[in-house]
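The next block holds one structure in the form of C-alpha cells; read it before the comments.
The values are calculated or read from the model by the stated rules, or taken from the named source; none is laboratory data. Only a predicted model underlies this, so the values are computations on that prediction, with no experimental measurement involved. Here the Cβ positions follow ideal geometry from the backbone for every residue, glycine too, while neighbour counts run over all protein chains shown. Heavy atoms of the whole protein, side chains included, go into the accessibility calculation; ligands, DNA and RNA do not. Shrake-Rupley method; radii C 1.70, N 1.55, O 1.52, S 1.80 Å.
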Amino acid sequence: FEYHTSPEYSGRSSTRVSATAAEFALVVFRPQKIGLGGRGPNGEIPETFVSQPLMANPKFDRVPYAIPMHTKRSNGSFGNDFVLISVHLHAERQGQSAAESIDQRNGEINEVFKWADRLTRDTGERDFIFLGDMNVASSSEVLGVLSSNPAAEKWDSLNSEAFPTNLILDRPYDQ
C-alpha cells in the first residue's frame with residue numbers, strides 16, 4: 001500500500017491547532033491497481049482544496065480536498081480516472097440545534113456539488129467519489145440533501161439509508 005496526503009491541513013480555527021479542528025486529507029491505495037493523477041476529456045484534473053482559505057473558511061469547517069486518481073490496466077497503462085473528494089463535514093456543536101447543524105452540513109455538501117460542476121465544465125470529468133466523515137444523522141437528511149439541490153441529481157448515495165458506520169452506534173458523528 002501507499003498513501004498520499006493533502007499538502008496542508010484545514011480547520012475551523014483561524015490558527016493551526018493540533019486537534020480534529022484541523023486535519024489533513026489522506027488516501028491509502030494499492031499502487032499496482034491505482035495511480036495518482038487524472039485527466040478529463042478536456043485536460044488534466046488538478047489536485048486541490050475545493051475552497052480557500054483553508055483555516056476559518058466561511059463555507060466549510062474543514063475544506064474538502066480533491067485528489068484525482070486513475071485505475072491501472074494489467075499492462076500498467078492509464079485506465080479509468082476519477083476524483084476522490086475527501087470531506088469531514090460539520091458536526092453538531094454544543095448549543096447548536098440539530099436543524100442548524102443539518103443546514104450547515106447541507107451548505108457544505110452543496111458547495112462541493114457546485115465545485116464538481118465547475119470542474120466538469122472545465123475538464124469534462126464526471127466521475128467523483130465523495131467520501132469521509134459525513135456526520136449525517138439519518139436517511140431523511142441524506143435524501144433531503146439529494147432532493148434539494150439540482151446538481152445532486154447526478155449523484156448517488158452508497159449509504160442513503162444512513163446505516164451506522166461508526167463504532168458508537170447511537171451517535172450521529174463519524175458516519
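So, GLU92, is that one over 15 Å from the mean Cα position of the chain (by Cα), open to solvent by less than 30 Å² (accessible area, probe 1.4 Å), more than 13 Å from ALA25 (Cβ to Cβ) and among the acidic types (Asp, Glu) or not?
Values: over 15 Å from the mean Cα position of the chain (by Cα): yes; open to solvent by less than 30 Å² (accessible area, probe 1.4 Å): no; more than 13 Å from ALA25 (Cβ to Cβ): yes; among the acidic types (Asp, Glu): yes.
Criteria not met by GLU92.
Can you tell me which of (1) open to solvent by 20 Å² or more (accessible area, probe 1.4 Å); (2) touching a Phe, Trp or Tyr at 6+ places or on another chain (Cβ under 7 Å); (3) aliphatic (A, V, I, L, M) is the one ILE85 doesn't meet?
(1)
Scan segment 31-72 for residues that are at pLDDT 90 or above and either over 30 Å from ARG12 (Cα atoms) or aromatic (Phe, Trp, Tyr) (or both) and jot them down.
PRO31, GLN32, LYS33, ILE34, GLY35, PHE49, PHE60, TYR65, HIS70, THR71, LYS72
Looking only at segment 38-52, decide whether some residue is charged (D, E, K, R) and within 25 Å of LEU143 (Cα to Cα).
No, segment 38-52 contains no residue that is charged (D, E, K, R) and within 25 Å of LEU143 (Cα to Cα).
Within segment 78-89, identify whether any single residue is modelled with pLDDT under 90 and out of contact with any strand residue (DSSP E or B) (no Cβ under 9 Å at 6 or more places or on another chain), and answer yes or no.
Scanning segment 78-89, I find no residue that is modelled with pLDDT under 90 and out of contact with any strand residue (DSSP E or B) (no Cβ under 9 Å at 6 or more places or on another chain), so the answer is no.
(1) surrounded by 12 or more Cβ atoms within 10 Å (Cβ to Cβ); (2) under 17 Å from the mean Cα position of the chain (by Cα); (3) at pLDDT 90 or above: which one isn't true of MET134, the others all being true?
It fails just one condition, (3).
Let me spell it out: the conditions are (1) part of a strand (DSSP E or B); (2) of a type outside the set (Gly, Ala, Ser); (3) surrounded by fewer than 17 Cβ atoms within 10 Å (Cβ to Cβ), and PRO46 meets all of them except one. Which number is the exception?
Looking at each condition in turn, PRO46 falls short on (1).
Taking LEU54 as the residue in question, decide whether it is among the aliphatic types (A, V, I, L, M) and touching a His at 6+ places or on another chain (Cβ under 8 Å).
The answer is no for LEU54.
Could you tell me how many of the residues in segment 5-30 are at pLDDT 85 or above, surrounded by 15 or more Cβ atoms within 10 Å (Cβ to Cβ) and of a type outside the set (A, V, I, L, M)? Before you say what the answer is, go through the steps one by one.
Of the residues in segment 5-30, the ones at pLDDT 85 or above are 5-11, 23-30.
Okay, now just the ones that are also surrounded by 15 or more Cβ atoms within 10 Å (Cβ to Cβ), so 6, 9-11, 23, 25, 27, 29.
Pick out the ones that are also of a type outside the set (A, V, I, L, M) and you get 6, 9-11, 23, 29.
Counting residues in segment 5-30 that are at pLDDT 85 or above, surrounded by 15 or more Cβ atoms within 10 Å (Cβ to Cβ) and of a type outside the set (A, V, I, L, M) gives 6.
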